[in-house]
Amino acid sequence: MAINVAPEGLNLTLTSEHEMIRQAARKFAQERVAPIAPHHDETGEFPIETVREMGQMGFMGIEIPEEYGGAGMDTIAYAIALEEISKACAAHGVVMSVNNSLYCNALLKFGTEEQKQAYLVPVASGEVVGAYSLTEPMSGSDAATMKSRAVLNEAGTHYTINGVKSWVSNAPVARYILLFTMTAPDQGHKGITAFMIDTEKPGFSRGKKEPKLGIRASATSEIHFQDYEAPLEDMLGEPGMGFKIAMTVLDAGRIGIAAQALGIAEAAYEASLIYAREREAFGGPIGRFQMIQQKIADMKTRIEATRLLLYNAALAKMRSKESGERYTTEASMAKLFASETAMWVTTQAIQIHGGMGYSKELPLERYFRDAKITEIYEGTSEIQRVVIARNELGIR
Ligand code: CAA
């Protein structure tokens, strides 16, 4: 992406590669995903076929180098593709986001060569799906308070894992899961360690599926560990490094959720534009009324501001590859603003559509339900504000 600061303002020009990925993602999303989205929303059925196709198109490991099964593109390309997919169906969006940002990213950054070959290649290439598991029934925003445990055996050859994790996106379909669990409970966040879990091994099982308000076609469930044995070579990073790994990849994840929220907001906005032009009341299109115009103007402005914050965070992540500097604040600002924009825009879109917005005959109410989760997962809006403010103030 080229950025020119001209007297008339900041001009973001996408490269031809970025334009190509937008066109490819848009075509696939509109032709293959949008038509099936209502059915999968209603039934909660996981869209296995189109997720497989996303893998074939390289969308399940966009930023992963080709040698590890990915598409070898950059974070802007990732954000663009995710925005287009989420515009058609936010549930497909989160499947893609978790696979890319939370799973593949972690292995690329922290995995050994053996771990990359075993756990990254099949997931980045879209052959199988990956998941990320931090949350527990009694540990959400306060992620360091987890109750699950991993205990090293006397011979020092493997850890035995026990406990329950909840709200694990992709878990019902994932082959591999990046798990965060406690190996030294007396050490708080410094006692958390990350492991690669193979869901086909004994000791692992899936618990109840979460009945969700939105993104219903994405699969979310509890996972249970009963004496699951993880060999030392399945530890990601060092003992006690888990919290850092979890937080580092959540920075990338929050960029993904910002792109997802942008896609949802755009879908609701574009539907509103059409409706405001076509729907007539009091002798003309409702778009003539200033109260509708105010909504349209504010929707458009917030969407464009979101896009700038999203690309700003994506560029910060790309720079961090060289500099090693964190892009935590940029990612949190993008996620916070994008998710609140998605919620606000989808609310206004329903209002513009009136009764039809409330009806299940149009996708507006789905956009509204899907938008809500973006204010909650990968750190609530309240947590994003804590992160931004702490980083600005320099205090914890
Ligand atoms: N990158 C790297 N390291 C980080 C970091 C980051 N972004 N944020 C914190 N750390 C490090 C700190 O530097 C600190 O390290 P040291 O002890 O070495 O100095 C350590 O982590 C602890 O930091 P804090 O004291 O700030 O930790 P805290 O306990 O106060 O918590 C928090 C901070 C920001 C509230 C954090 O717990 C958090 O983000 N909570 C939200 C959790 C979350 O987002 N959950 C989402 C679940 S996943 C999900 O939703 C996936 C899905 O389904 C789609």
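Potential lengthening of the chain between residue 319 and residue 142 amounts to 60.8 nm, from the contour at 0.36 nm per residue minus the alpha-carbon distance. In sequence order, the range 310-326 has phi-based couplings of 5, 5, 4, 5, 5, 5, 4, 5, 5, 5, 5, 4, 7, 7, x, 6, 6 Hz under the Karplus curve 6.51 cos²θ - 1.76 cosθ + 1.60, θ = phi - 60°, and Gly or Pro positions carry x. The amide H of residue 136, built 1.01 Å from its N in the peptide plane, has 166 as neighbours under 5 Å, considering only residues 5 or more places off or on other chains. Once you have a ≥ b ≥ c as the square roots of the Cα gyration tensor eigenvalues for the range 195-316, tell me rounded if a/c is under 1.5, and otherwise prolate or oblate according to whether a/b is larger than b/c. Cα axes put the range 195-316 in the oblate bin.
Look at the alpha carbon pairs under 8 Å that are at least 6 residues apart: their mean separation over the length of the chain gives a relative contact order of 15 percent. Legend: calculated FRET efficiency, residue 154 to residue 396, from the Cβ-Cβ distance at R0 = 25 Å, rounded to 0.05, equals 0.10. Once backbone amide H atoms are built at 1.01 Å from N, residue 207 has 222, 223, 224 as its partners under 5 Å, excluding neighbours fewer than 5 places away on the same chain. Expressed as a fraction of 2.2 N^0.38 Å, the C-alpha radius of gyration for the range 2-128 is 1.14.
The average projected area of the chain, computed from the convex hull of its Cα atoms over all directions, is 20.6 nm². With the simple model of a label 7 Å out from the Cα in the direction of the Cβ, residue 31 to residue 56 spans 1.2 nm.
Estimated from helical segments only, the mean residue ellipticity of the chain at 222 nm is -15000 deg cm²/dmol, where each DSSP H run of four or more residues counts as -39500 (n - 2.57). Pairs 165/321; 116/208; 147/208; 87/300; 27/321: which are spaced more than 20 Å apart, C-alpha to C-alpha? Check vs 20 Å cut-off fails for 165/321; 116/208; 27/321. Taking θ as phi - 60° and the Karplus parameters 6.51, -1.76 and 1.60, the scalar couplings of the range 345-361 work out to 5, 5, 5, 5, 4, 5, 4, 4, 7, x, x, 5, x, 7, 7, 6, 6 Hz in sequence order, x denoting glycine and proline.
When the alpha carbon gyration tensor of the range 237-396 is reduced to an equivalent ellipsoid, its three semi-axes come out at 37, 15, 12 angstrom, largest first.
Bridgeable aspartates and glutamates around residue 201 (alpha carbons under 14 Å apart, same-chain partners fewer than 8 residues away excluded): 227, 229, 234.
Scanning residues 5 or more positions from residue 236 or on other chains, those with amide H under 5 Å from its amide H are 194, 195, 196, with H placed 1.01 Å from N in the peptide plane.
Scalar couplings 3J(HN,Hα) for the range 276-290, obtained by applying the Karplus form with A = 6.51, B = -1.76, C = 1.60 to θ = phi - 60°, are 5, 7, 8, 6, 10, 8, 6, x, x, x, 5, x, 6, 7, 5 Hz; x denotes Gly and Pro.
Computing Rg and the Kirkwood Rh from the Cα coordinates of the range 100-243 gives a ratio, Rg/Rh, of 0.94. Fully extending the segment from residue 162 to residue 289, taken as 0.36 nm per residue of separation minus the present Cα-Cα distance, adds 39.7 nm.
Here, each number is a calculation from the coordinates, and none is a lab measurement. Everything numeric in this text was worked out from a predicted model, so none of it was measured. Don't worry about glycine lacking a Cβ; one is built from the backbone with ideal geometry, like all the others, and counts go over all protein chains shown.
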